[in-house]
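Read the figures in this text as sums done on the coordinates, not as results from a lab. Source: prediction; values computed, not measured. When we count neighbours, we look across all protein chains shown, and the Cβ atoms used for this are built from the backbone with ideal geometry, even at glycine.
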Ligand SMILES: [Ca+2]
Ligand SMILES: [Ca+2]
């Protein structure tokens, strides 16, 4: 009886020791097996639904990579190789789900969709190409290209680039040459 109790205690101790890594693993990126499909979906959270997470999606050596971490603790910080080729993947979607997430999307050469989900998220999509962003619930902020390039919904604090206008550019060229006391068209002869 005493021996059995001792064995049981030892098993419990082992389980207790193993509990922490198992729990951490369940909080890692979801759908990691979907990475290599033409339609790439990156979901955060797992069972840790309210964690603030950081995602950065980018191309490295022709492959879509994801830097991922918990913002507050830097746990699970690391780079994930999705196995999807930047030239072949047809779309990339990031779902931040709950928590105040930080989602940074570079131009990975295909259509991109970002869903912030619950929590006050920060979405960074100033990458010179079109992104479709839905910041989701709560007070979210976005840094984007021009309104004519990126589309954003439910992003309460927005920082868009101003639209470029042709007349402004022409004026600048003229101004640049002012110290020569003449504008471009006068320099022709
Ligand atoms: Ca963009
Ligand atoms: Ca949100």
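One table, with the values for the structure above:
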| item | result |
| --- | --- |
| Alpha-carbon spread of segment 30-160, three principal axes, descending order, Å | 36, 34, 19 |
| Likely footprinting exposure, 113, 165, fewest C-beta neighbours within 10 Å first | 165, 113 |
| Relative contact order %, segment 30-160, counting alpha carbon pairs below 8 Å whose residues are six or more apart | 19 percent |
| Gained length - residue 60 relative to residue 81, 0.36 nm times residue gap less alpha-carbon distance | 6.6 nm |
| Chain lengthening between residue 159 and residue 37 when straightened (0.36 nm per residue, less Cα-Cα) | 40.6 nm |
| Radius, Kirkwood style, for segment 46-97 when every pair of distinct Cα atoms is counted (Å) | 12.0 Å |
